[in-house]
Amino acid sequence: MAIKKEKKQRILTLVDAGIPAGEVAKEEGVSKGTIYAWLRKRKAEGKEDTAGTLEQIKKQLQVLSKRKPTEAVSRKIAMLSAALARLERSHDKAQRAKEKSLTKPFITDITSNEEANTLRGRALLGEFGELYLYQREFLSCNDQFRLVLKSRQIGFSYVAALDALIAAVAGRNQLFLSASEEQALILMRYVEHWAGRMGIVFSTDKDNEKRLSNGAIIKAMANNFRTVQGFTGDIWMDEFAWYQNPKKIWLAFVPSIGAVQGRLTILSTPFEENSLFYDLVTDEEKYYMFTRFRIDIYRAMADGLKFDLETMRALFDADTWASAYECQFIDDESALFTVGLIKSCVDPDLRYYSPPKSAVLFSGFDIGRSAHRSALAALLLTEHSRRYELCKMEVLTKASFDEQRMLIDQFMTLHPLAQIRIDRTGIGMDLAEGMAKRYKKRAKGVHFTATAKEAMALNLKKMFEDQTITIPNDPLLIADIHAIKRKAGARGFLYDSKQNEHGHADRFWALALAASHVAAIERTTKKGGRGFVIRN
C-alpha cells in the first residue's frame, strides 16, 4: 500500500532531526529499509534542507497540538519537540560558523608577485621535480592559516620548503620552527635543494639562514618562544605537537603575523590528546580560520607514494604505528610513562652525538632480525648536571647478525671505556655470548624474562621520575617509551608495548638496558663499592 506524501515527509523530518530510524519506523509502522531507501534517493537528488526541515516540524507540532490529546498524539508531540530542539541547536551552530567565516581575516595573495607566480606554476607542473597530488594541493593553497595533520615519511617537509622558498621570492620573510635543531637543518637542506633546481642564488648562505637578493630571509631553528618575538613574516611550526612549550610559542607568534598579514602554517604528526595541537585539529568552530589538510599513509599511497606498507607496519607496535602513520592521537590511559613524565626529561637543545674516547658510557643493545629493528643506546653521566644524558641512539632495520656485530664492534672500539648490556633472548643468544667473550667484563648478555623486563622498565621510570636522565626531543624514541604498557599477567604484571603481529618498542628496551647499569652502580655504591669516575 502506498504511503501518503505527508506521512513520508513527517518520517524523513524526524530522521533528519536525529531520531533513530528504527524508533521512527516502529512509531510510524514502516520498515527501516523503506526509510533508508527514501534517504538515499533524496540524497542522490540533492534535496536535503535543514531550514526547511525546521519549518516542517513546527507545522506538524501546530497540527498535533489541535488534536485530541491521546497517548499516541502525546508521544508524537514529545518526539517532534525533542527533534525541534536538537535541530535548532544544530542550525544555530551552523549560522554562527557561517557568520564567523564572513569575518575571516584578509588572505594575502603572495602569488601576485609575477616571478613567484611563475615558479609556483612550473613547480606544480613538475618542472623542478615530481610532486604527489597531496603535495600539489598544499602548494596550491595560499590561505593565511593552514593546518596539516600528517603521517611520517610522506615528504611534507620537502614541499613545505618549496612553498617557503617561493614565498621568499615574493619578498616575504620565512621562519621555520622545528621540534629539534636537527629537523630545522633538514628543512634548510630541502630549501637548498629547491634553490639549486630553480637556479636561485643566496646572497647569504648559512646552515640555518638564507637571504635572497630581494632581502627576504629564510631562517630555521629549534622551537623557542623567544625566537619569534620581533620577527615579521610567515611562520612555519614544524612538528608542533612535539614542542616543549607550545602555548608560549602560540602567544609569541600571533603578534608577529598580525601586523603584516603573515601566513601561519602548522604541520605535525599527532601526539597527545591533551594538547594545543589536538585542540587546533579538532575544534573547528573555535579555530575556524584554518584551512585543514589530513594526509595519513594510506592517502599518500593512493596519491602515488611508494611505501613498503607491510614491512614498515611490522616494525612498529600498534599504538606507535597508529600515531606515526595513521594520524591517530595517543592517550595516557594505560601507559607506564605518561606524556608529562617523558616531557619532563626532554631537552630540546640536546642532539645525539659521539662522546670522546675518554668518556665512560653505559649502553644497551636490543636485538632484532627479520621483523624488529635493532637499537643501540648509550648514556653519559654529565659532570655539570649530574644527569645521565642519552648521547647515542643507533637503529638498524632488518640488519643481518654480521651488520649488528659490526655496529657493536665499532662502538666498543671507538669507546674503550664503554660497557654494554645485550638482549640475549632467543635469536640474540649467539651474538650476546660472542660479545661477552670478546669484551669480557665490558659486555654482558641479559635474558628478557618477565622479571628482568619489569626491573628494567621500573628502573628507567624511576630515573624519569627523579629526573636523573635527559633525552633529545626525538619523536620516535618518545613514542616507543610511551608505548610501554603495564598489563596484568598470569603470575604478575607484564611490561611491554601493545603488539601488532611483530611490534616491539626497540628504542625503549635499548634505553632500558643502558639504564640498568645505573641500578647496578647504585647497588654497588650502597654496599660500599667505589662506583666509577666521571670522565670528560
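Here is how the numbers come out for the structure above:
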{"quantity": "Förster-model FRET efficiency, 60 Å R0, L39 and T397, C-beta, rounded to 0.05", "calculated": "0.75"}
{"quantity": "Estimated distance in nm for a label pair at R152 and L458, the labels positioned 7 Å out from Cα along Cα-to-Cβ", "calculated": "3.0"}
{"quantity": "Solvent accessible area, Å² - R120, 1.4 Å probe, full protein context", "calculated": "10"}
{"quantity": "Shape box of segment 111-189 [Cα atoms, principal axes, largest first, Å]", "calculated": "35, 27, 24"}
{"quantity": "For segment 308-324, Karplus couplings with θ = phi - 60° (6.51, -1.76, 1.60), whole Hz, Gly/Pro x", "calculated": "7, 4, 4, 5, 5, 5, 5, 8, 10, 6, 4, 5, 5, 4, 4, 6, 6"}
{"quantity": "Whole-Hz ³J(HN,Hα) from phi, Karplus 6.51 cos²θ - 1.76 cosθ + 1.60, for segment 506-516, glycine and proline x", "calculated": "4, 4, 4, 5, 5, 5, 5, 5, 4, 6, 5"}
{"quantity": "Pairwise centroid distance, computed over Cα atoms, of segment 286-346 with segment 450-490, Å", "calculated": "20"}
{"quantity": "Ordering of 374-384, 296-306 by burial proxy (mean other Cβ atoms within 10 Å per residue, highest first)", "calculated": "374-384, 296-306"}
{"quantity": "Spatially proximal aspartates and glutamates relative to K437 (Cα-Cα < 19 Å; intrachain offsets below 8 disregarded)", "calculated": "D366, D402, E403, D409, D423"}
{"quantity": "Solvent-accessible surface (1.4 angstrom probe) belonging to H447, in square angstrom, nearest 10", "calculated": "80"}
{"quantity": "Amide H partners (placed H, <5 Å) of K485, local residues excluded", "calculated": "L336, D496, S497, K498"}
{"quantity": "Restraint check, K5/K76; K357/K453; K206/K247, Cα-Cα greater than 23 Å", "calculated": "K357/K453; K206/K247"}
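The values are calculated or read from the model by the stated rules, or taken from the named source; none is laboratory data. Every value quoted in this text rests on a predicted model; they were computed, and no experiment measured them. Neighbour counts run over all protein chains shown; Cβ positions are idealised from the backbone, glycine included. We work out accessible area using only protein heavy atoms, side chains counted, and drop any ligands, DNA or RNA first. Shrake-Rupley method; radii C 1.70, N 1.55, O 1.52, S 1.80 Å.
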